[in-house]
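The values are calculated or read from the model by the stated rules, or taken from the named source; none is laboratory data. Here the structure is a predicted model, which means the values were calculated and not measured. Quick reminder, even Gly has a Cβ in these numbers, built from the backbone with ideal geometry, and neighbours come from all protein chains shown. Just so you know, the surface numbers come from the protein's heavy atoms only, side chains and all, with ligands and any DNA or RNA stripped out. Shrake-Rupley method; radii C 1.70, N 1.55, O 1.52, S 1.80 Å.
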Amino acid sequence: MFVREKRIGDYSYLYLVETVRENGKTKQRIIRNLGRKEMVDARGDLDRLARSAARLSQRSMIVSLIEDGSVPDVMCRRIGAPLLFERLWRDSGCRTVVEELLVGRRFEFAVERAVFLTVLHRLMVSGSDRACEYWRDDYRLDGIADLQLHHLYRAMTWLGEELASAEQAARTLVPRCTKDLVEERLFARRRDLFSDLSVVFMDTTSLYFEGRGGETLGQNGHSKDYRPHLKQMIVGIIMDQDGRPVCSEMWPGNTTDVTTLIPVIDRLRQRFAIGRVCVVADRGMISAETIVALEERGLEYILGVRERSSKEVYDVVLKDPKPSIPLVIPRPRRPDTELEAKEVWVDERRYVVCRNLTEARRDAEVREAVLRSLRVSLRGGDKALVGNSAYRRYLKTPDEKHFEIDDKRVADDARYDGLYVLRTNTNLSPLAAMLRYRELLKVEDIFRTTKSILDTRPTASRCYPTFGRPTRSRQLSEEGMRHRRFVVLTTRRAAVIY
C-alpha cells in the first residue's frame, strides 16, 4: 500500500493505492482519492496518517534511517544492577567506610566510585579492570564519567597499602593494609550490645597464576586447582554463624593449613575485640599443636579429624558399639538428608562420629561399580592396573607377578562410607556439633562462587593488578595480589550477605 501522485491538467492529485493479484495477474487498485495535493498538504492528512502508521512500523523506520545514513546518536544504558547493588553498597556501610578512610587523602579522582565500579563489574561479568573501562559504558552509574583505567588501578593500590608499623601488631603472615581497616570498620558498624562471634567458620583455598612476579606471596605448594607446577597464593575466609564474612586473608602459596588457624584466631580476638569464640574448621586445620594452642587460649573448637590416618580413631573411636542418634533433614523437591551422630570419649578427649546415610549409599554404589570394572580388567590382564588409583586401593599381590582383589581392603573401605569424625571440647549435643560443622559448606560455596562465577584468579598487565584469565605475557606484581583480597570480601557482602 502506498500513495501515488497523478497530474491531471493543471493540478496534481493524491491517491491511496494497493497492489493486488487477480486471475494470476498483478494490478493496482485505488482505495481512496485523497484530493488535490495542495489541499491535502494544507489539512495535514498525510502527516497524521504517517504518525499513525509509524506506531506499528518502527522497524521499517529504523531500516530507512540506516539506508539513508541518518541514524541518530542514541545510547541505551542499563540501570538495574547499579540501582540494586548501589543500594546494598550504601546500606551495608561499604560506601561510608571507604569515604571515611579517604579523609585527608588528596586523590584527584573519586576513589570510592572507582572501588564500587570494580566490585560491580566483578559481580556482573568477572572481567579485568582493563575490560571494566569499556564495560561501564553500558551502565548508568553516578560519578564515574571522569574515571579512567589508571584510576581503577590506583584505587586497588590504595586498598593494598601497608599500614604504619604501629598498626602491624595484629598481623598474621602478611602485613596489615587498608583492606583490613575496611573489614574492621564494617564489623564495628553492625556490632551492637548482643553481637558475639560465638561460632567462626574458616576455610582456605589456593589461587594459581602464570607469569613472573609475586616473589613473596607467589610460591609453589599444594594446589587445590591441580596446578602444582604453577606458583600460587593461599586465600582464607573467616565467616560468622550468620553466614557473613568477617574478614579474608592471603598468605604465601607454600603455607599449610595447619599453620594458619592459630594466627587467624589471635588476630580475630585482637582486631574485633572478641572474647568467646568457637572455631569450626575441617581436618586440614587440625594437628596436636593446634589443639593444644586452642585449649591454652581457653577457646572452644569443632575440628575435623583425619579418621583414616588417626590410630586412635581407627582402633578405638570407630569400634565403639554405642548406637547413633538419627536425624532427617527434609529438603523440598529433593531426597531428604539422613544423618546420624554419636559421641565417643577417649580419656578426656571427646569425639563425635557422624555419618551421612545418603552419602554412604552413594559411596557403596561407586565402590561396587569400581569392583565390577576391576574384576573384568583382571580377566584380561593386570599389568596396567597399578596405574589406576581407583583400582590400586583394592588390590593385593599374592605373588610377584599377579594382582587380585583384597577383600579385607574392600571391607575396611566400607567402614568409611559417608563417615566423618569430629574432635570437640564444646558442650553441644552430638547432633548440634555435627550441624555446626556442616555449616562449613557455606565457606566452600563462597570459594566455589568466587573461583568459578567471579573468576578470581589474578593476573596483572604492566605490573598493575587486574582480574582476568592468566596469560604468560602478563606480569603479576606483589602489590597486585594483595589488593584483590578486599574484592572477594566486598563482592560477597554485596551479592549475598546484605
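Within region 413-462, restricting attention to residues that are open to solvent by 30 Å² or more (accessible area, probe 1.4 Å), at pLDDT below 85 and in a loop (DSSP other than H, G, I, E, B), the residue that is nearest to residue 326 (Cα to Cα) is 439. Residues of region 1-11 that are under 24 Å from residue 53 (Cα atoms) and open to solvent by less than 80 Å² (accessible area, probe 1.4 Å): 2, 3.
Within the set 119, 111, the sole residue that is open to solvent by less than 20 Å² (accessible area, probe 1.4 Å), within 28 Å of residue 240 (Cα to Cα) and out of contact with any Cys (no Cβ under 6 Å at 6 or more places or on another chain) turns out to be 119.
In a residue-by-residue description of region 30-45, the property of being at pLDDT below 80, open to solvent by less than 90 Å² (accessible area, probe 1.4 Å) and of a type outside the set (S, T, N, Q) applies to at least one position.
Quick one: count up the residues across region 146-186 that are of a type in the set (Gly, Ala, Ser) and crowded, with 19+ Cβ neighbours inside 10 Å. Please lay out each step first, then the result.
So the first thing to find is which residues in region 146-186 are of a type in the set (Gly, Ala, Ser), and the list is 155, 160, 164-166, 169-170.
Applying the additional criterion that residues be crowded, with 19+ Cβ neighbours inside 10 Å yields 155, 160.
Matching residues across region 146-186 total 2.
Which residue out of 190, 176, 136 is among the basic types (Lys, Arg) and either in contact (Cβ under 8 Å) with a residue 60 or more places away in the chain or out of contact with any helix residue (DSSP H, G or I) (no Cβ under 7 Å at 6 or more places or on another chain) (or both)? Just a single option satisfies the conditions, and that option is 190. Selection of strands (runs of 3 or more DSSP E) fully inside region 289-379 by the criterion of at least 1 residues being surrounded by fewer than 15 Cβ atoms within 10 Å (Cβ to Cβ) returns 325-329, 337-346, 349-356.
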